[in-house]
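Below is one structure, written out as structure tokens, with a few remarks after it.
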Amino acid sequence: MAKEPMLKFVGTGQSYPSKRAAELRAEDFREIADRYAAPDAEAQASRCSQCGVPYCSVHCPLHNHIPDWLRLTAEGRLREAYELSNATSTMPEICGRICPQDRLCEGNCVIEFSGHGAVTIGSVEKYITDTAWAEGWVEPLRPGRALGASVGVIGAGPAGLTAAEYLRVAGYEVHVYDRHDRAGGLLTYGIPGFKLEKGVVMRRVARLEEGGIVFHLGADVGGALLFAELRARHDALLVATGVYKPRGIRVPIFRPPFRGEVAGEAGRRGVTGGEWNSSADTPPPPLRGGPPPLPGEDVHGIVEALDYLIASNRKGFGDVVPAFDNGVLNAEGKHVVVIGGGDTAMDCVRTAIRQGAASVKCLYRRDRANMPGSQREVANAEEEGVEFIWLSAPEAFEADESGQVTAVRASRMRLGAPDASGRRAPEPEPDSGFRLDADLVVKALGFDPEDLPALFNTRELGVTRWGTLRIDHKSMMTSLDGVFAAGDIVRGASLVVWGIRDGRDVAEKMHAWLKAKTIAEELEREAA
């Protein structure tokens, strides 16, 4: 009888693929760790306890069959493991690289709770699919029987690409429109290569193109390309633009949560302070126009995170980027201060290190335990030389006579009572100001949706109080007939894995609606 390959977590310790030395990986934009060798991947997969109720799958937005493909990996049945992994995700090797597993699958692993260290799910997932690409197991996208209908997808990010793939497999003619000159959205231009090498994204896009999906890149939807024209051109539209409008710096002012406030609602509105009746049952309307700028915020050398990351990624592709080449979006030799504590801030500080910054500091208004970014990313950044200044927030910026930023004036913070999200709200410490030299300041405070009704010149397109598109959550359709929406433009800035999940779900809803529409039209013709 064959020996049981699983339940090895007691005798086999947790082990991730080894990272390159910090001083070496800080010299390039390659991923910081290679994939497992086969024996190591099998050994780590064999640590799975094969739970009756697999919390790893429950807490995965895609509900991947994690214990099953871990078992197949442990048994050396890697092609079957890939096929099972691929059954629920259009981008498993991408999720394996950039998902915050410490907050999702691995963070809810049963053996993690027992003190043995979680199964290294993300690294095994990356290993499985990278091996599948190398061995030629990744099959071409095969379109279904032509249904005689076309679908337009606005946005070539995770949600748009996922929906496009499923709809093409269902038999639709699919056209994808994106503002950038390469598909992938933030996968291509927002996430640095040391987390996600661009060839990994480009081979996914190439597979979709080879499967007959038509990409219209550099498409100015709402400008030269009218939204109304796209509605007329296609039988259904999907809006999956993501959220790209950078948030401003907020001056922290403590206020108690008002009664009835939804968890996280204040943050999604972009509100951190203000005065209103805290006993009110109904939350106040969102503040319009965002927070006022800090003194000196308009000087040269203060840039938005996405502009900074896009410029760096374009240079990685070999593009000519004037704002990088003239030094505006290049950290080389500069004292860099990044403001924010999310994953985008971590991408910025680690990019600055690789560009040869003289120093890199991250200013965050809460403490380490309350930051939204991945703790693994913080650890990687610290190893590479980033200094974190916790419980601090900017108050103003100094500049020289030419208008170039020279310093950030900040104050110490303390954590007060919990806010509506359950996190303790930051409050300024009196008389705690300090100064940081800075030649480049990067604002990485998150993103809000653009005003799509105005951008698309379609005022009847309904939005929520936060500016996200309003949908019927049963059908995922917007206020416009035949126009659907998915991803961050609906849920707000979120994770790539949720974009994939939303793309999968909306493809199913669109297919059902188009089938019903076709049947209704046929019945109408018969009646006529």
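Evaluation of Q101 against the conditions (1) touching a Phe, Trp or Tyr at 6+ places or on another chain (Cβ under 8 Å); (2) modelled with pLDDT under 95; (3) open to solvent by less than 20 Å² (accessible area, probe 1.4 Å) shows that the sole unmet condition is (1). Considered as a group, the residues in region 201-211 that are touching a residue at least 40 places away in the same chain (Cβ under 8 Å) and open to solvent by 30 Å² or more (accessible area, probe 1.4 Å) include one that is farthest from the chain's Cα centre (by Cα), and that residue is E210. What tally of residues in region 442-465 results from selecting those that are open to solvent by 20 Å² or more (accessible area, probe 1.4 Å), of a type in the set (A, V, I, L, M, F, W, C) and assigned to a strand (DSSP E or B)? The qualifying residues number 2. If you check A425, A410, A420 for being modelled with pLDDT under 95, assigned to a strand (DSSP E or B) and either of a type in the set (A, V, I, L, M, F, W, C) or more than 29 Å from D307 (Cβ to Cβ) (or both), only one passes: A425. Taking region 420-441 as the range and being in contact (Cβ under 8 Å) with a residue 60 or more places away in the chain and touching a Gly at 6+ places or on another chain (Cβ under 8 Å) as the test, the residues that pass are A420, S421, A425, P426, E427, A438, D439, L440, V441.
Scanning region 32-42 for residues that are without any contact (Cβ under 8 Å) to a residue 60 or more places away in the chain, closer than 30 Å to A381 by Cβ and buried (at least 18 other Cβ atoms within 10 Å of the Cβ) gives a single hit, D40. Among the listed residues G433, G499, which satisfies the condition of being of a type in the set (G, A, S) and open to solvent by less than 40 Å² (accessible area, probe 1.4 Å)? Answer to the selection: G499.
Each residue in region 502-528 was checked for being open to solvent by less than 50 Å² (accessible area, probe 1.4 Å), of a type outside the set (V, I, T) and in contact with a strand residue (DSSP E or B) (Cβ under 8 Å, 6 or more places away or on another chain), and 2 pass. For region 496-528, the candidate set comprises residues that are of a type in the set (D, E) and at pLDDT below 95; within that set, the residue that is nearest to T344 (Cα to Cα) is E521. If only residues of region 368-394 that are of a type in the set (A, V, I, L, M) and surrounded by fewer than 19 Cβ atoms within 10 Å (Cβ to Cβ) are counted, the one that is modelled with the highest pLDDT is I389.
Each row is one residue, and each column tells you yes or no for (1) within 21 Å of the chain's Cα centre (by Cα); (2) closer than 19 Å to K361 by Cα.
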site: H300; (1), (2): no, yes
site: L309; (1), (2): yes, yes
site: F324; (1), (2): no, no
site: N330; (1), (2): no, yes
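Please tell me if D439 is under 29 Å from V299 (Cα atoms) and buried (at least 16 other Cβ atoms within 10 Å of the Cβ). For D439, the condition - under 29 Å from V299 (Cα atoms) and buried (at least 16 other Cβ atoms within 10 Å of the Cβ) - is met. Within region 328-343, the set of residues being open to solvent by 10 Å² or more (accessible area, probe 1.4 Å), under 16 Å from G385 (Cα atoms) and of a type outside the set (K, R) comprises E332, G333, H335. Among the candidates V386, V360, the residue that is of a type in the set (A, V, I, L, M), under 17 Å from V303 (Cβ atoms) and touching a strand residue (DSSP E or B) at 6+ places or on another chain (Cβ under 9 Å) is uniquely V360. Tallying residues that are among the β-branched types (V, I, T), open to solvent by less than 20 Å² (accessible area, probe 1.4 Å) and under 14 Å from P158 (Cα atoms) within region 466-496 yields 1. If only residues of region 147-168 that are among the hydrophobic types (A, V, I, L, M, F, W, C) and closer than 15 Å to S89 by Cα are counted, the one that is surrounded by the most Cβ atoms within 10 Å (Cβ to Cβ) is A159. If the condition is being out of contact with any Phe, Trp or Tyr (no Cβ under 7 Å at 6 or more places or on another chain) and open to solvent by 20 Å² or more (accessible area, probe 1.4 Å), then region 212-224 contributes G212, V214, F215, L217, G218, D220, G223, A224. For first residues located in region 59-74 and at positive phi, partners that are hydroxyl-bearing (S, T, Y) and lie 6+ apart or on another chain with Cβ distances below 8 Å form the pairs H63/S57; H63/T88. Consider I94 carefully, then state whether it is surrounded by 24 or more Cβ atoms within 10 Å (Cβ to Cβ), touching a Ser or Thr at 6+ places or on another chain (Cβ under 9 Å), without any contact (Cβ under 8 Å) to a residue 60 or more places away in the chain and β-branched (V, I, T). In short, no. Residues that are on the phi > 0 side of the Ramachandran plot and either at pLDDT 95 or above or open to solvent by less than 20 Å² (accessible area, probe 1.4 Å) (or both) occur in region 308-322; there is at least one. Taking the condition assigned to a loop (DSSP other than H, G, I, E, B) and farther than 15 Å from G301 by Cα, does A393 pass? Answer is no for this residue. Being modelled with pLDDT of 95 or more, at positive phi and surrounded by fewer than 21 Cβ atoms within 10 Å (Cβ to Cβ) is a property that holds for G171.
No other residue among E106, E93 is more than 22 Å from G199 (Cβ to Cβ) and among the charged types (D, E, K, R) apart from E106.
Based on this model, can you work out whether K198 counts as surrounded by 14 or more Cβ atoms within 10 Å (Cβ to Cβ), modelled with pLDDT of 50 or more and either of a type in the set (S, T, Y) or within 30 Å of V138 (Cβ to Cβ) (or both)? Yes: the conditions hold for K198. How many residues are assigned to a loop (DSSP other than H, G, I, E, B) and either open to solvent by less than 30 Å² (accessible area, probe 1.4 Å) or free of Cβ contacts under 8 Å to residues at least 40 places away in the same chain (or both) if we restrict to region 115-146? Count: 12. Checked against the criterion of being at negative phi, surrounded by fewer than 21 Cβ atoms within 10 Å (Cβ to Cβ), of a type in the set (K, R) and touching a residue at least 12 places away in the same chain (Cβ under 8 Å), the candidates R25, R20, R47 yield just one match: R20.
The values are calculated or read from the model by the stated rules, or taken from the named source; none is laboratory data. This structure is a prediction, so every number in the text was calculated from the model and none was measured. All Cβ positions, even for glycine, are placed from backbone atoms using ideal geometry, and neighbour counts span all protein chains on display. Each accessible area value is taken on the protein alone, full model and side chains, heavy atoms only, with ligands, DNA and RNA left out. Shrake-Rupley method; radii C 1.70, N 1.55, O 1.52, S 1.80 Å.
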